[in-house]
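Right, one structure below, let's go through it.
The values are calculated or read from the model by the stated rules, or taken from the named source; none is laboratory data. Here the structure is a predicted model, which is why all the values come from computation and not from measurement. Here the Cβ is made from the backbone with ideal geometry for all residues, glycine too, and neighbour counts use every protein chain on show. Just so you know, the surface numbers come from the protein's heavy atoms only, side chains and all, with ligands and any DNA or RNA stripped out. Shrake-Rupley method; radii C 1.70, N 1.55, O 1.52, S 1.80 Å.
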Amino acid sequence: MTAAALALIVTPLYAQTQIQTSIEASKAANIVRVAIPWPDTMLSTEAINGPFFAPLTRDIAGSGVFAIAPVPPNIPPNADLAKSANAQFVLALRVTAEEQDYVVEARLLDTTGAMQFGKRYRGTAPALSRIAHMVANDLVRALNGRPGIFLSQIAYASNRSGYYEIWLMDWDGANQRQISHHEALSILPSWSPDNDRMVYTSLGRGTSDMYIINRRGGGRIRLPTGVGLNTSATFSPISNDIAFVGSIAGNPDIYVIHDDGRNLRRLTTTTSIESTPEWSPNGRQISFTSGRSGTPQIYVMDAEGTNVQRISFEGEWNDDATWAPDGEQMAYTSRVNGRFQIRIMNLVTRESRIVAGEGSNEQPTWSPDGRWIAFQSNRSGRWQIYRMRVDGSDLMPLTFEGENKDPDWSKKAE
């Protein structure tokens with residue numbers, strides 16, 4: 001085990017003290033089994049389970065790094081428990097209350113009893129779910145050097161307040177909150193690559209306008225373009241450019257503009273309808289939907305608008321393309337036998353497959369690690385946001401109140 005580093009980070013909601021942060025390379029298998037007994041605590045089950053323990057175990061189970069081993073009864077969280085559970089590690093947790101704060105201590109022990117990871121977190125009750133995500137993130141980082149996705153967020157449009165407005169939620173559907181307040185149709189949020197801002201479309205002035213807002217709901221600005229429509233905006237991953245759908249004389253085309261409203265460029269000039277631009281992860285290409293072949297299909301062009309090529313051929317109607325973080329796959333909405341489904345294409349082989357299932361399923365968005373896809377579906381009778389693994393397994397509804405659409409997952413793990 002390497003030597004420990006010591007750090008202290010303090011915020012109004014939570015603080016964390018790092019004790020040890022690395023696991024021996026010989027112990028870092030692709031999937032490791034970990035036993036997670038109930039925390040050592042004098043606090044009630046109600047106070048700890050919903051806000052902290054349940055989201056923590058959900059995160060770890062969904063990490064793709066850990067598998068949770070069943071915990072044998074009446075064995076303290078030590079090396080004996082790891083051996084009895086046939087696990088490589090035991091996550092020993094302790095939760096205490098100190099005045100208005102909760103203190104969480106997390107220690108990862110191996111089968112020799114050695115501590116391979118340890119941190120102490122402190123925060124108020126509203127921060128417990130975030131602390132759970134932090135613990136899971138730190139465990140994944142300790143194992144493979146990269147953070148988990150558990151502090152990522154999903155932006156979406158919801159009408160639960162009376163109008164479609166822009167909302168945010170955690171990756172597991174928790175902590176849902178409204179961040180735009182136009183009291184008018186506001187839709188299609190898209191994250192900036194640093195996860196600090198979103199661009200979206202609102203009809204708050206009676207016209208279709210693009211706005212940029214920060215993740216806390218402040219700093220809202222309108223982005224003037226000088227063209228009509230102004231929708232389906234998406235940030236470049238490598239610059240301050242935003243691709244969007246604009247129109248002159250009513251013809252929708254793909255445009256690019258700086259986030260300060262300068263340097264407007266028109267990329268497509270056909271008479272067909274062009275829509276839903278999306279940047280490739282390296283920023284060198286833009287995918288979009290075009291009706292130039294007679295039906296809506298997915299095309300890709302260079303970021304300057306050159307070298308246009310059609311890439312979707314299966315499905316009678318294809319739209320809403322989005323690139324996987326590694327740039328090797330693309331997910332999009334595809335109409336098959338009269339219903340919209342999520343199709344995933346391998347961009348190297350051009351082979352594709354359908355996932356998602358019941359109802360209509362649309363507007364996929366990738367998690368930062370490329371393991372999950374969120375999308376909108378009406379399978380319940382109303383539009384809601386769902387999350388699933390890329391193979392279609394572990395389907396989970398994330399929203400329930402009102403109707404919820406247009407999901408966009410934040411772009412990087414934190």
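The test for being surrounded by fewer than 23 Cβ atoms within 10 Å (Cβ to Cβ), closer than 28 Å to residue 59 by Cβ and modelled with pLDDT of 95 or more holds for residue 192. Taking first residues from the stretch 389-405 that are over 15 Å from residue 361 (Cα atoms) and partners that are among the polar types (S, T, N, Q), the Cβ contacts under 7 Å between residues at least 6 apart in sequence or on separate chains come to 400/384; 402/158; 402/159.
For the stretch 214-232, check the following and say yes or no: at least one residue is of a type in the set (S, T, N, Q), under 26 Å from residue 383 (Cβ atoms) and in contact (Cβ under 8 Å) with a residue 60 or more places away in the chain. Looking through the stretch 214-232, none of the residues is of a type in the set (S, T, N, Q), under 26 Å from residue 383 (Cβ atoms) and in contact (Cβ under 8 Å) with a residue 60 or more places away in the chain.
The residues of the stretch 173-183 that are assigned to a loop (DSSP other than H, G, I, E, B), open to solvent by less than 60 Å² (accessible area, probe 1.4 Å), at pLDDT 95 or above and at negative phi, listed by number, are 176, 179, 180, 182. For the stretch 16-39, filtering for residues that are at pLDDT below 95 and part of a strand (DSSP E or B) leaves 6. One residue stands out among those in the stretch 211-264 that are among the polar types (S, T, N, Q) and assigned to a strand (DSSP E or B): the one that is most open to solvent (accessible area, probe 1.4 Å), which is 214.
One line per residue, one yes/no per condition, for (1) modelled with pLDDT of 95 or more; (2) open to solvent by 50 Å² or more (accessible area, probe 1.4 Å):
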{"residue": "275", "(1), (2)": "yes, no"}
{"residue": "287", "(1), (2)": "yes, no"}
{"residue": "293", "(1), (2)": "no, yes"}
{"residue": "296", "(1), (2)": "yes, no"}
{"residue": "299", "(1), (2)": "yes, no"}
{"residue": "303", "(1), (2)": "yes, no"}
{"residue": "307", "(1), (2)": "yes, yes"}
{"residue": "312", "(1), (2)": "yes, no"}
{"residue": "315", "(1), (2)": "no, no"}
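Checked against (1) in contact with a Ser or Thr (Cβ under 6 Å, 6 or more places away or on another chain); (2) of a type outside the set (A, V, I, L, M); (3) at pLDDT 95 or above, residue 148 passes all but a single condition, namely (3).
Listed by first and then second residue, the pairs linking a residue in the stretch 303-314 that is farther than 23 Å from residue 240 by Cα to a residue that is small (Gly, Ala, Ser) and assigned to a loop (DSSP other than H, G, I, E, B), with Cβ atoms under 9 Å apart and 6 or more places separating them unless they lie on different chains, are 310/293.
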